[in-house]
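Single-structure report; data block below.
The values are calculated or read from the model by the stated rules, or taken from the named source; none is laboratory data. Since this is a predicted model, take the numbers as computed values, not measurements. Neighbour counts are summed over all protein chains in view; Cβ atoms, including those assigned to glycine, are modelled from backbone coordinates with ideal geometry. Calculation scope for accessible area: heavy atoms of the full protein, side chains included, ligands and nucleic acids excluded. Shrake-Rupley method; radii C 1.70, N 1.55, O 1.52, S 1.80 Å.
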Amino acid sequence: MKVVELVEVTKVYELPRGSIKALDNVSASIEVGEFISVMGPSGSGKTTLLNIIGCLDMPTSGRVVIGGENINGLGDDQLTKIRRDKIGFVFQQFNLIPTLTALENIEYPMILKGLNGHEERGKELLRSVGLDEQLGENKPNELSGGEQQRVAVARALANDPDIILADEPTGNLDTKTSKDIMGLLKATNERGKTIIVVTHDPLVASYTKRTFKLVDGRVDRVGVFA
Amino acid sequence: MIFFEFAKRNLTRHKFRSVLAIIGIVIGVMAITALGILGNSVRLAASEQLYMIGNEVVVFPYGEEAVSEDNFKLIEKTADVAIPINSMTDKAVLNGESELVMIYGMRSEDIPKLLEKEDGQFLKHGSLNCLVGSRLADNYELRVGERATIKSQKPRIVGILKERGIGFDINPDNAIIVSDKMFSSLYNSSGYNLVVVKVDKIEDVEEVRKEIEDRLNKKEKVVLVMEMKMIVEGIKEFFNILSMFLIGIGSISLVVAGVSILNVMMMSTVERTKEIGVMRAIGTSKREILRMFLFESLILGAIGGVIGAIFGFGVGFLVDVLILKEASYLFAPSSILYVFVGTAFGIGTSVISGLYPAWKASRLKPIEALRYE
Ligand SMILES: Nc1ncnc2c1ncn2[C@@H]1O[C@H](COP(=O)(O)OP(=O)(O)OP(=O)(O)O)[C@@H](O)[C@H]1O
Ligand SMILES: [Mg+2]
């Protein structure tokens, strides 16, 4: 079953100096349970692609279907709801909410959705990403980078989304911690979650099963590591 | 309420800044509450002091010494009740002390129509006794049965009048009232110093005033006719304007406070751009962002409003006690109202000031906000 389907997706940024084609006629489909990496030189359109899949941005042309729902022409509230319920984000800079504790950060998406038992599930998720329950009381600035990224992964999983999107999730971590986080993502994938990781690091890509190579906004090559 | 919690935590993130914003609101609300209470107290004090009856027309001589007997006859014809009054300032000896007082001479039968008594009785026709005003009685510890001395006469005090306050016709509180007969035995006068006309229906006041003017001021102006209603209304109007003016001054400080809240909230939205981007990305709606920021300004306004109203009430109390020497006006419903008006203005100002920053924050595009460093 397809969880992401892109059909001839093009994204053009209009700038005063002219327009930039960040994505050029990209077509791809991703099945449920895939673990995909997106690689390519800087400026090749990786983040743009991820933003479109993540319903943060709209393509200039082309069709985007996420979890069976065509997102073209949806309003802000509907897109927000898709992001809340169907997508989990992991960022390079961790991006936890500084006023919330680690546990509250994990609970937050569930509270937004109006789920009951968010505290219980939050604690469960905290344990599942390998963190002590005590650390749940810490604010993000009282956690190490690796710990913050674990909390971010737990937060991404909170509403049991269809897809996890991670833009250079190990970009701010050392090799050892990067491996820990990738191991965590791999385990998550093995439990059936679809994951897309943008990375420059071949080591990171080696954890995934399929790689999209982007060059100048085009899918240059689709490789399979397995 | 997660967004209320966010608002609380975000405000404590920059305690000093939040406290400054709150102080602004406190000062504004305090000014409105205190000045509102002050204005209202002054108004209450004034309406208590002024002896206000709208159905009186008072006739004073104009360019002459007195209203002549003939003119008085003319006035009597137009009016339902016309009370001629003579007055003189003279020395009187009360309880052994000499004092300059006002002495009014009135027809005995007229006295109950204009004045009320506290103690004793009114004057009989042609009586050679006297009545004294309430202040005079208080100050000199005068009692019914004692005697006052005016010139060579020693009238007996047969009654003490009720306090009447400042009036535009006569001011009996610090005066001695004698009969017309007694007055003419004391002073040789012709005509009257003023004539008080009472009209049955308040709607007719204007007409009666006109008629008196027409009849008396035919050839030349000999009397000044004043309508109490007009004066009373003028005074009420004056105090209303005074109240509005004082509240206006208070509002200016609240506007300043509003600008400072706007400033604080703008700073906060800019600083938190990235955070807002993250919140939006992981599924927070525009409405929820808006709500979060509005809660922040609401909390600032509510804290500032309540503290300001309490302080304002305290200042109002001090002013009432120190200047008006009367705390009871403070608890009049129309004074207490300003406590709520002040609080409401404080909360309103701060929510309105927070509206624009909150709207700005909610409109941030998630991807652009995420990229913000
Ligand atoms: N908001 C924007 N406005 C204008 N141009 C943009 C915008 N976002 C991206 N671009 C341009 O689109 C192209 C693709 O950018 P994108 O961020 O997707 O690259 P990337 O592959 O993620 O690069 P990196 O590896 O450096 O993160 C670049 O040329 C970039 O300058
Ligand atoms: Mg990128």
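Mean per-residue shielding of peptide A:77-84 is 4, counting Cβ atoms of other chains within 10 Å of each Cβ. Annotation: residue B:266 carries an accessible surface of approximately 50 Å², with a 1.4 Å probe and no ligand, DNA or RNA atoms counted. Exceedance of the 32 Å cut-off in Cα-Cα distance is limited, within the set A:11/B:8; B:91/B:219; A:193/B:8; A:139/A:193; A:11/A:193, to A:11/B:8; B:91/B:219; A:193/B:8.
The alpha-carbon of residue B:229 sits under 13 angstrom from the alpha-carbons of these aspartates and glutamates, leaving out residues fewer than 8 places away in its chain: B:56, B:169, B:203, B:204, B:206, B:207, B:237. Can you tell which of A:65, A:183, B:7 lies farthest toward the positive end of the dipole of the protein assembly as shown, using +1 and -1 charges on the Cβ of basic and acidic side chains (Lys, Arg; Asp, Glu)? In the protein assembly as shown, that residue is A:183.
Which entries of A:86/A:113; B:117/B:236; B:198/B:221; A:46/B:286; B:113/B:154 show an alpha-carbon separation above 19 angstrom in the structure shown?
Violating the 19 Å Cα-Cα cut-off are B:117/B:236; B:198/B:221; A:46/B:286; B:113/B:154.
For chain B, the share of DSSP beta bridges that are antiparallel, to the nearest 5, is 80%. Between A:143, A:15, A:96, the residue with the greatest mean-square fluctuation in the GNM of chain A (Cα pairs under 10 Å linked by springs) is A:15.
Does the range B:39-182 classify as rounded, prolate or oblate by the C-alpha gyration tensor (a ≥ b ≥ c root eigenvalues; a/c under 1.5 gives rounded; else a/b over b/c gives prolate, otherwise oblate)? Because a/c hits 1.5 or more and a/b fails to exceed b/c, the range B:39-182 counts as oblate.
Counting only residues at least eight positions apart within a chain, or on another chain, the lysines with an alpha carbon under 19 Å from that of residue B:218 are B:73, B:77, B:210. Is the protein assembly as shown best put as rounded, prolate or oblate by its Cα gyration tensor, with a ≥ b ≥ c the root eigenvalues, rounded for a/c under 1.5, and otherwise prolate when a/b is larger than b/c, oblate when not? Prolate. Here the relative contact order of chain A, from alpha carbon pairs under 8 Å that lie six or more residues apart, stands at 28 percent. On full extension, the segment bounded by residue B:174 and residue B:14 gains 51.3 nm, given 0.36 nm per residue less the C-alpha separation. Considering only A:207, B:248, A:96, and ranking their Cα positions along the charge dipole of the protein assembly as shown that arises from unit charges at the beta-carbon of Lys, Arg, Asp and Glu, the one farthest toward the positive end is A:207. Just the number, please: percent antiparallel of the DSSP beta bridges in the protein assembly as shown, rounded to the nearest 5. Here the share of antiparallel DSSP bridges comes out near 70 percent.
Among the trypsin sites (Lys or Arg not before Pro) in the range A:1-59, those located in a DSSP loop and surrounded by at most 12 other Cβ atoms within 10 Å of their own Cβ are A:17.
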